[in-house]
Amino acid sequence: MRVGRRRESSEGSHWTQERRKIETTLRNRDTVRKEGSEKALLVGVRPPTQGVDELTEALDELSRLAQTAQITPVGRITQRRETIDATFFVGEGKAREIARQAKRVGAETVIFDDDLSPAQARNLERIIERRILDRTELILEIFARNARTKEAAIQVEIARLSYLLPRLARRWSHLHRQRGGIGLREAGESQIELDRRIVRERIQKLERELALIRSRRETRRKRRRNCFTVALVGYTNAGKSTLLRAMTGSKVVVADRLFATLDAKVSLLPNELRPPVLLIDTVGFIKKLPPHLVASFKSTLEEVAEADLLLHVVDLSHPAFAQQIATTDRILSDLGLEETPRLHVFNKIDRVTDPARFNLLRRHFPDGICVSGETGEGIETLERQIFTFFERGMVDRSLRLRYDEQGFVREIREMARILEEAFEEEGVRVRYRTTAALADRIERRFHEFHATRSMVGTL
């Protein structure tokens, strides 16, 4: 019995050591190096349906993503392919060409603008002998760097773990024991299964933590049920946070980089409209948005789904702004939000020097609103459009209050905009404007208030 217990204790100790080893690896991102010291070669593959200019723009964006992750692009290599190679993605000959080019320019990393399968990544690493990143892993690395709150950090870690789970064999050096003889190979396969189990348990633990945060977020949303909500959506770095700050005066982080905002930021729009209007800044979208991120950021994106109005913010100064509009529209459609009302807001007009761009807008987006979050130009027009949108569906109602019931006016102000207070001989007549649902609630609350006052008066 003692021997059995010692053996069981030994196995338990091994399990604990392996768990700690992997959790330490997960906490310390293996991709982080000295800031700006890593050099990368960018690789783009052009299918027959894509033009050369589109591929150039795609690699320009990949370059900006790399720089956001503190990686310095030192070269590009492209290929036109009819079909993707299942083994090396670009074919073995091209992979060897990439290896020579990476060595020539001194690149420690090769970044592909597409997603690679685990097998393709392993095969490429073997031939190129450099760190291989695909677009999804690069974006996940940026999100990990920019996560500032517990909720964002958990969402990013879930996404990274879900992405890494099928790639464990090439991620951690302690798995290399699987190479060698038959006995070592069997031990290695057992080790991989152990690691996968630990990672799955970690994901489950994080999902439980995230569920608690989501319940608190849902509670906050319920408190806002008497408010109008407007969500700012759009391509990353379109200037949504700058616009939020210009409209509300809130001290949100503003940075000229991709994915500077990962958490939903809620700010009150100062105005006399009732119910009040809340603006919600959300995570930016991007072409080929990783599905792991969409799934993990469900709680943040729910803020968009619950919004009464979407402000689709577009960087008008960007040369590919039309494609960015199409990408955002496609993602919103995937989220089931194609029917949600929206206003197109064309930002950064202070950076636009070509008048033809404004003529293009007038033809294709006649109702679009041109603004500059940086200078404040057009902000008042945008706010008027928001107020007009909400007032369009409002109703005007009135109540007559006795003078001893004037305390109820405070409740009306919380849910409606007072249009007129007429003082008459027996009391005051209050005319107000609000939504039909809130108008009905005000009348129900007044009848309860009136009945309570009358009951107290008879005692």
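The values are calculated or read from the model by the stated rules, or taken from the named source; none is laboratory data. Note that this is a predicted model, so its numbers are computed, not measured. Here the Cβ is made from the backbone with ideal geometry for all residues, glycine too, and neighbour counts use every protein chain on show.
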Residue match in the range 396-416 (condition: among the aromatic types (Phe, Trp, Tyr), within 40 Å of the chain's Cα centre (by Cα) and surrounded by 14 or more Cβ atoms within 10 Å (Cβ to Cβ)): no
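If the requirement is being outside any helix (DSSP H, G or I) and either over 29 Å from Ala295 (Cα atoms) or in contact with a helix residue (DSSP H, G or I) (Cβ under 7 Å, 6 or more places away or on another chain) (or both), which of these qualifies: Glu339, Glu377?
Numbers: Glu339 fails: either over 29 Å from Ala295 (Cα atoms) or in contact with a helix residue (DSSP H, G or I) (Cβ under 7 Å, 6 or more places away or on another chain) (or both).
It is Glu377.
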Only listed residue being exposed (fewer than 15 other Cβ atoms within 10 Å of the Cβ) and at pLDDT below 80, chosen from Arg126, Arg185, Arg200, Arg170: Arg185
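Evaluate the range 325-334: report whether one residue or more is assigned to a loop (DSSP other than H, G, I, E, B) and buried (at least 17 other Cβ atoms within 10 Å of the Cβ).
No, the range 325-334 contains no residue that is assigned to a loop (DSSP other than H, G, I, E, B) and buried (at least 17 other Cβ atoms within 10 Å of the Cβ).
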Residue in the range 18-38 that is modelled with pLDDT of 90 or more and over 23 Å from Leu164 (Cβ atoms) present: no
Selected residue [modelled with pLDDT of 95 or more, part of a helix (DSSP H, G or I) and under 29 Å from Gln323 (Cβ atoms)] from Ile77, Ile98: Ile98
So Asp367, is it in contact with a strand residue (DSSP E or B) (Cβ under 9 Å, 6 or more places away or on another chain), more than 19 Å from Leu244 (Cα to Cα), not hydrophobic (A, V, I, L, M, F, W, C) and not in a strand (DSSP E or B): yes
Single residue of Pro341, Pro290, Pro319, Pro276 found to be of a type outside the set (Gly, Ala, Ser), crowded, with 20+ Cβ neighbours inside 10 Å and at negative phi: Pro290
First in the range 331-354 and closer than 16 Å to Leu311 by Cα, second anywhere and assigned to a helix (DSSP H, G or I) and of a type in the set (Ser, Thr, Tyr), Cβ under 9 Å, 6 or more apart: Asn347/Thr242; Lys348/Thr242
Residue within the range 351-363 that is outside the structural domain of Val314 (by TED's automatic domain parsing), touching an Asp or Glu at 6+ places or on another chain (Cβ under 9 Å) and on the phi < 0 side of the Ramachandran plot present: no
Residue within the range 369-376 that is surrounded by 12 or more Cβ atoms within 10 Å (Cβ to Cβ) and modelled with pLDDT under 90 present: no
The range 101-117: number of residues that are among the hydrophobic types (A, V, I, L, M, F, W, C), within 11 Å of Leu41 (Cα to Cα) and outside any strand (DSSP E or B): 3
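Go through Arg274, Arg257 for me and flag whichever is in a loop (DSSP other than H, G, I, E, B), modelled with pLDDT of 75 or more, touching a Ser or Thr at 6+ places or on another chain (Cβ under 8 Å) and in the same structural domain as Asp334 (by TED's automatic domain parsing).
After applying the criteria, what remains is Arg274.
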Residue that is among the charged types (D, E, K, R), at pLDDT 55 or above and in a helix (DSSP H, G or I), where the choices are Glu82, Glu54: Glu54
Residue within the range 84-102 that is touching a residue at least 60 places away in the same chain (Cβ under 8 Å) and under 30 Å from Leu161 (Cβ atoms) present: yes
For Cys370: the one exception among (1) in contact with a Lys or Arg (Cβ under 9 Å, 6 or more places away or on another chain); (2) over 21 Å from Ala58 (Cβ atoms): (1)
